[in-house]
Amino acid sequence: MDCIFCKIVSGLIPARKIMETDNSLAFLDAFPVARGHTLVIPKKHYEKVQQLSKEDNADLFETVRILTSKVDALTGSTLLAVHNGRGAGQEVPHIHVHLIPRSQDDAAGPVHSMFTKRPAMSERELDELQKRLA
């Protein structure tokens, strides 16, 4: 497999590991956007969250929960981000959770600032979306 994260899991590519469980691995991002930017991945290859087994999902997000306190201690706040598929900005097609230390002076802004083209939706459209997603 030509997946960089699978190569990290197998030891073919070195990483600055922070935490490891039977099913998950956490390490510092090689191209951090903030000091302490950490990635948490399942050891098995999955491209999207909905593909995770229940066991791998539970382990992944328990690892995220534990590490969030440590990352949060760096600046007081942590952005948790998952890009679920290429269209969502996922650059490596192996599910990963970003834990990014944030502070008010980092100029990154809230998640809504990422989207300059937002949909205008009617009440009817919102009702239809609610029904579709519920």
For the chain, built as a Gaussian network whose Cα springs stay under 10 Å, the top-fluctuating residue of 17, 54, 44: 54
Fluctuation leader among 24, 77, 113 - the chain, Gaussian network, Cα springs under 10 angstrom: 113
Of 21, 63, 116, the one that fluctuates the most in a GNM where the chain has Cα springs shorter than 10 Å: 116
Over 19 Å [Cα-Cα, the chain], rounded percent: 57 percent
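Read-outs: derived from the displayed coordinates by stated rules, not from any lab. For clarity, every value in this text was computed on a predicted model and none was experimentally measured.
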